[in-house]
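The values are calculated or read from the model by the stated rules, or taken from the named source; none is laboratory data. Everything numeric in this text was worked out from a predicted model, so none of it was measured. Note that each Cβ is placed from the backbone with ideal geometry, even for glycine, and that neighbours are counted across all protein chains shown. Heads up: the accessible areas ignore ligands, DNA and RNA and are worked out on the full protein's heavy atoms, side chains in. Shrake-Rupley method; radii C 1.70, N 1.55, O 1.52, S 1.80 Å.
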Amino acid sequence: MTNPSPEPVQLHLTPVRRHHWMVRATHWLSALLLPAMIASGLQIYSAFPHFGQKGNVSPVPNPFDSDRFGGMPEWARLGGWLGGGINWHFALAWPFVLTGLAYLIYLTVSGEWRALLFRPRDVPRAWAMQLYYLRVRREHPPQGKHNALQKAAYTSIVLLGALTVLTGFAIYKPVQLGWLTALFGGFELARYWHFLAVWVFVGFTAIHVILVFVVDPASLRAMFNGWYRGRFPSHD
C-alpha cells in the first residue's frame, strides 16, 4: 500500500484565545519540575538498583536491574548521592503535587475537563486518528479543540500522576500508610509501580514533544502566549 498524500494545511488566520493562563503556568511548571523529579528519583534508585531482596532474582521485569545494567548515567541523575537525591526529590515533590492540584481545580471550576475527558464514544475516533497518523487514512478526522487520541493521552496522564503520587506516599510512609502500601502489593511492588511510572512519563513527554513539532507547531506558541493561529479548532 502506498502512503496517501497528506491533506493540505488550512490555517485559521485570525488568532483565537486557546489556553488560559492557569493552563500555561501549570504546563510550564510541570515541564520544569518533572525532569528534575525523574532525575532525583533515578539517583535514589541507583542506591539500590534492584527490586526484591538483595541477592535474589527480581520478581518483576526490569531492564535496569543491577544484574543486567551498568547503572544510570551521571548526567541523568540529580543529587550526587542517595541523601542528595532524597533531598531534591522531597523538595520538588510538593510543588509538583500542588501544581497538579491547581490544574485539576482549574479544569473542574472552568468546566474545561469536558473537552479533555476520554469517553467510550471516543474509541472509534481515536482509532481513526491513529490510522491518520500511520498514513493509512488520508483525511484528518473531524475534531474539536483536542482530537480523541489527545483526550486519551491527557486523561491517562492525570491518572498516571495520581498513581505516581500515591505510590510515592506508599514508599515514603510504608508503616504509617500501611493500608496504602498494601493496596499496591507491598513495599517492593509499590516501589516498582512508582519506578515504572517514570518511564511512562518519559515516553509520554517524548511523543508529546515530537507530535507538537510534526503535527501542529502553532500550538507551541499558544502555550506561551495563549493565542492560537493554526489548522485546528480551539473550541469544541
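Return the pair list, or none, for Cβ contacts closer than 9 Å from residues in region 213-231 that are closer than 16 Å to His140 by Cβ to residues that are among the small types (Gly, Ala, Ser) and assigned to a helix (DSSP H, G or I), at least 6 apart or on different chains.
Gly230/Ala218; Gly230/Ser219; Gly230/Ala222; Arg231/Ala218
Can you say whether Leu149 is of a type outside the set (D, E, K, R), under 30 Å from Gly85 (Cα atoms), open to solvent by less than 80 Å² (accessible area, probe 1.4 Å) and touching a helix residue (DSSP H, G or I) at 6+ places or on another chain (Cβ under 9 Å), as far as the supplied structure shows? Quick ask: steps written out before the conclusion?
Values: of a type outside the set (D, E, K, R): yes; under 30 Å from Gly85 (Cα atoms): no; open to solvent by less than 80 Å² (accessible area, probe 1.4 Å): yes; touching a helix residue (DSSP H, G or I) at 6+ places or on another chain (Cβ under 9 Å): yes.
Judged against the criteria, Leu149 is not a match.
So is Gly178 on the phi < 0 side of the Ramachandran plot and in contact with a helix residue (DSSP H, G or I) (Cβ under 7 Å, 6 or more places away or on another chain) or not?
Spelling it out, it is not the case that Gly178 is on the phi < 0 side of the Ramachandran plot and in contact with a helix residue (DSSP H, G or I) (Cβ under 7 Å, 6 or more places away or on another chain).
Evaluate region 93-107: report whether one residue or more is more than 23 Å from Phe169 (Cα to Cα), open to solvent by 50 Å² or more (accessible area, probe 1.4 Å), among the hydroxyl-bearing types (Ser, Thr, Tyr) and out of contact with any Lys or Arg (no Cβ under 7 Å at 6 or more places or on another chain).
The answer is no, given that none of the residues of region 93-107 is more than 23 Å from Phe169 (Cα to Cα), open to solvent by 50 Å² or more (accessible area, probe 1.4 Å), among the hydroxyl-bearing types (Ser, Thr, Tyr) and out of contact with any Lys or Arg (no Cβ under 7 Å at 6 or more places or on another chain).
Restrict the check to region 161-180 and report whether at least one residue is modelled with pLDDT under 90 and outside any helix (DSSP H, G or I).
no
Just to be sure I understand, how many residues within region 182-201 are open to solvent by less than 70 Å² (accessible area, probe 1.4 Å), touching a helix residue (DSSP H, G or I) at 6+ places or on another chain (Cβ under 7 Å) and part of a helix (DSSP H, G or I)?
Result for region 182-201: 7.
Being open to solvent by 50 Å² or more (accessible area, probe 1.4 Å) and at pLDDT below 95 narrows it down to one of Phe224, Phe232, so name that one.
Result of the check over Phe224, Phe232: Phe224.
Conditions (1) without any contact (Cβ under 8 Å) to a residue 24 or more places away in the chain; (2) assigned to a loop (DSSP other than H, G, I, E, B), marked per residue:
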position: Trp75; (1), (2): yes, no
position: Gly79; (1), (2): no, yes
position: Gly83; (1), (2): yes, no
position: Ala93; (1), (2): no, no
position: Leu101; (1), (2): yes, no
position: Ile105; (1), (2): yes, no
position: His140; (1), (2): no, yes
position: Leu149; (1), (2): yes, no
position: Ala152; (1), (2): no, no
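Does Leu159 count as under 23 Å from Tyr45 (Cβ atoms) and either buried (at least 17 other Cβ atoms within 10 Å of the Cβ) or touching a residue at least 24 places away in the same chain (Cβ under 8 Å) (or both)?
no
Would you confirm, using the coordinates I've provided, whether Ala206 is open to solvent by 40 Å² or more (accessible area, probe 1.4 Å), at negative phi and either acidic (Asp, Glu) or out of contact with any Leu (no Cβ under 6 Å at 6 or more places or on another chain) (or both)?
It is true that Ala206 is open to solvent by 40 Å² or more (accessible area, probe 1.4 Å), at negative phi and either acidic (Asp, Glu) or out of contact with any Leu (no Cβ under 6 Å at 6 or more places or on another chain) (or both).
Please enumerate the residues belonging to region 22-65 that are part of a loop (DSSP other than H, G, I, E, B), in contact (Cβ under 8 Å) with a residue 60 or more places away in the chain and open to solvent by 60 Å² or more (accessible area, probe 1.4 Å).
If the condition is that a residue be part of a loop (DSSP other than H, G, I, E, B), in contact (Cβ under 8 Å) with a residue 60 or more places away in the chain and open to solvent by 60 Å² or more (accessible area, probe 1.4 Å), then Pro59 is the only one that fits.
Just a yes or no: is a residue in region 122-131 closer than 25 Å to His19 by Cα, in contact (Cβ under 8 Å) with a residue 24 or more places away in the chain and not in a loop (DSSP other than H, G, I, E, B)?
yes
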